[in-house]
Every structure is written in structure tokens, then in C-alpha cells.
Amino acid sequence: MKIQYIRKLTASYMVLAQCEELQEWEKKMIAHAPKGNIVFAECVQENGEKYLWYNITGKQALDAVLETETFSYDMLCNVLNGIYEAAQQLEGMLLPAQSILLSAESIFVDYRTRQISFCYYPGNPMPLPEAFRTFMEYLLTRLDHSDERAVKAAYDIYGQSSAGGMELKELKSLLLMPYEKDEAKTEPEGLDDTEPEEPKAYATVGQKEQDGKRDASIWKQIFRGESTVQELLAAVWEKIWKTTGTAAGRPVGKIAGKLAGGTTGRPTGERAGKAAGERAGKAAVSGDKRRTGRWKIGGNMKNAQKEQEPFVFEPEEEEHKSVNPTVLLVGISQKPEGILRYEGTGGYSDLVIEKDNYVIGSAAECDGRIPSATVSRRHAKISKKGAVFFIEDLNSSNGTRVGGELLNYKTGMSLQKNEVVMFADEKFRFI
């Protein structure tokens, strides 16, 4: 099936050769069709041939959309729900659902409403189940495989369609299945929300496991903002006592009260971090140093060193940058840049083309933004092949002109130096 795109003034059309004449009653049904997500064509005769002209103004073909967007679970549901609704609408009009064109080139997305539109092609030779299966094969190649819900839903539906056909009601039931993330597995196993107990020595293996859970809970509460830094320090102190197997360096009385969150003489901020670091160092030295003044070989020294690290709260030194830093340029290739210099009256900025696919429009997410009311959200795209730049209109409402020539949708044109480019009524010059 050969597809042509033709633009006339402010309207854009997809043109197909007509393969079957409509009956009079079909024409009447289409003429009084309710507003939905189906695009019906106007029959135009040229040079003895009949063509179907579909008005696709302001819409983007699905294959073009997926060049810049990931095919997520939400988009999958949007597309498949659109197929179901379009088929239901045709059945209500006594028209065959098989006449829906299921190809990425003939399915369109409205950027403003995100509505999916389908083209009605009378006499479509491909049966709906086969067309749907072929379409699902295409979607699987475009799927965002990091989206678990999208992968599961798409492969389930494709499996159903490949098993010997699928009714529309089955498609609807599959779309209603709860392809949701398992929230119960979002947190590591072994964490609980129990309140931390007072520090105490291990008595049994079971007690050790219970305290391990409590330590994990302390970390969890710290990140949630439910525990203080002092409670975290108390938990780490207890870990050191149990790891070294001695109570020689264990803080008692007043110091223990401070670590547990007491208010008397409680250090705060940077002082609290430094005081805790000094006490940790003294505790490790008193417990692991022989009379000769040399460190004990073996034992738990490595563990003590590992546990000391979290106590060091040294402020980071400011990085001193030179005014004119030396930059090594070896191996860095300079990409050729194209510039669209603004020559209009709206006071907009020039557009510097620094990407191989550079989208221009009024939307904030565009690479080159022209915040004009006459410029579409996604108006045009410039792509670079080698050292040559090509421009393509993205089916904008008011069109793109290059050297005075109005571009058709999906028809690229090379840009020449000093050529005038008009996005709607905004003038630029390519330099």
C-alpha cells in the first residue's frame, strides 16, 4: 500500500488509492458518523483514478512518535484501547471492523490530547486478526523493555493473538488485567518497622538475628526522618562493642546518655560528628593495643577499622578551580554545527543545531524552542547525515517553508547555506 502525504494551505492529508467503492448506505452512515477516533476519507478523482484523502492535520504518525518517545505501558494501553473503541464504533455503525488500518504509518496521535486515531479503509484485504498480530509484532520491537508492566502485557496479548485469533472482547479483558508492580517487593526482605531497643550485648544467636533486624530498621527510620542521628550513632556504637567482643571501650553514664539522644551536654552538628569519631578511635585503641605499643596482629582489627569509617564527618574542602583551566583536547571531535539565525520581529533567539535529530517547536521540551502562538508544539525536525542537514515538517498546523516551498509531511529537504526557513510566520536563515 503506497502512502502519500500532501499539504494544502493549512491542512495536511494522507492519500491512498481507493480499492473499493462505498455503497450509498455506507456513505450516509459515514456522513452522519459521531465524533470518535476514526478518520474517514474524502474520495477524490484525479486522472481517472480514485483516491482517499484523510485529513490528518495536527496529528503525528505512530512510527514518527516512537522515534522520540519510549513505548511505555501507558502508551500501549492507549493504543490498544483505541483499537477496541474504534472497532466498537464501526460495529455500531454496521461497518466492518476489518476496515481499520493497523499499521504504524496509518495510526495517528494528537499531541495535545494524546488521542489515538485510526483510518477507515473500505475493502481492506487483510483480516483483522492477522493485521492485529502483525501490528503487535511491530510493537514488540519498539517496546520499552525496562518497563516490566509493558513487557508482560504486550507479550501476553501477542501470545493470545498468535494462538489462533482473538475476539475484541478478549482484548478488552486483557487490557483490564492488573499489570501492576508488586509493591510488596519494593523493600529488601528482613526490614521491619519495630522501634529500636536500648543497646545491649548479644546473649544468644536468636538475639543476634533480632538485633540485626533492629539495626536495619534504624537505618530505614533515619532515611524516613523518623530517627535522629544520635540514635544512629548509638546503634553503630553497639555494633562495635559486639564486633570487638569487649566492653573496654564502651561509653557509659553521661556519654552513653548523649549518644542515646540525651539533652545534657549533647553535641550537635559538626561537633557531634567529631566527638563521636574521637571516641570511636580511643575505644578501638584501648581494646586492641598491646603493652608494647604495637597494634595486635590478627584479631578484630580489620573489623574495627571498617566500623570506624562511618564516624568520620570531615567537612569537604572547597575545590579550587583555576580561572583558565587547561583542557586536554586530544580525542575530542568537533561536530559540525548548523545555525538558524532569527530574522523575524518577535525577538526570539537563534537556534544552534547540536544534535543529529533536532526537534523545533513551541513546547518546552523541544530542542529548539520558538514560543510563538503560530508555531506548533512539535513543528519540524532537522536531522544531520554526514555534513548535510535535512529538514522535515512534523505535520504542523501552519506549515514549514524552505526557500518559499511548503513541505509535505514526512518529506525531507536538504538545507543550503543562506536559505530562508519559515516556521509558520517566523523567519529564520540557515547559516
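The values are calculated or read from the model by the stated rules, or taken from the named source; none is laboratory data. Predicted, not measured: the structure shown is a model, and the values here were computed from it. We place every Cβ from the backbone using ideal geometry, glycine too, and count neighbours over all the protein chains shown. We work out accessible area using only protein heavy atoms, side chains counted, and drop any ligands, DNA or RNA first. Shrake-Rupley method; radii C 1.70, N 1.55, O 1.52, S 1.80 Å.
Couple of notes before you dig in:
- Cα convex hull, the range 83-127: 75 Å³ per residue, rounded to a whole number.
- Per principal axis, descending, Cα span of the range 86-159 in whole Å: 40, 32, 22
- E49/S414 FRET efficiency (R0 35 Å; Cβ-Cβ; nearest 0.05): 0.70
- Gain upon complete extension [T134, K8; 0.36 nm per residue less C-alpha separation]: 42.1 nm
- Cut-off 12 Å between beta-carbons: net charge of the residues surrounding N55, Lys and Arg +1, Asp and Glu -1: +2
- Local electrostatic count at E365 - Lys and Arg +1, Asp and Glu -1, tallied over other residues with Cβ under 15 Å: +4
- Exposure of T411 as accessible area (Å², to 10), given a probe of 1.4 Å and all protein chains: 60
- The largest-to-smallest principal axis extents of the Cα set in the range 329-408 are 45, 26, 23 Å.
- Exceeding the 24 Å Cα-Cα cut-off - candidates K35/K152; K2/K410; K2/K385; K381/K427; K28/K50; K8/K427: K35/K152; K2/K385
- Proximal charge balance of G36 [Cβ under 14 Å; K/R count +1, D/E count -1]: -2
- The length gained by stretching the chain between T70 and K152 to full extension, at 0.36 nm per residue less their Cα-Cα distance, is 27.9 nm.
- The relative contact order of the range 22-65 comes to 24 percent, based on Cα pairs under 8 Å that sit 6 or more residues apart.
- Full extension of the chain between A31 and D356 yields a length gain of 112.6 nm, computed as 0.36 nm times the residue separation minus the alpha carbon distance.
- In summary, the range 380-419 shows an alpha-carbon radius of gyration equal to 1.11 times the 2.2 N^0.38 Å reference for compact globular proteins.
- Packing, taken as the mean count of other beta carbons within 10 Å per residue, orders the peptides 14-26, 73-85 from highest to lowest as 73-85, 14-26.
- A convex hull fitted to the Cα coordinates of the range 41-83 yields 106 cubic angstrom per residue.
- When the convex hull of its Cα atoms is projected in every direction, mean area for the range 1-154 (nm²): 9.8
- Listed peptides 385-392, 63-70 appear in the order 63-70, 385-392 once ranked by packing, highest mean of other Cβ atoms within 10 Å at the front.
- Debye-formula intensities of the range 1-58, expressed as log10 I(q)/I(0) at q = 0.12, 0.24 Å⁻¹, are -0.32, -1.12 (one equal scatterer per alpha-carbon, no solvent).
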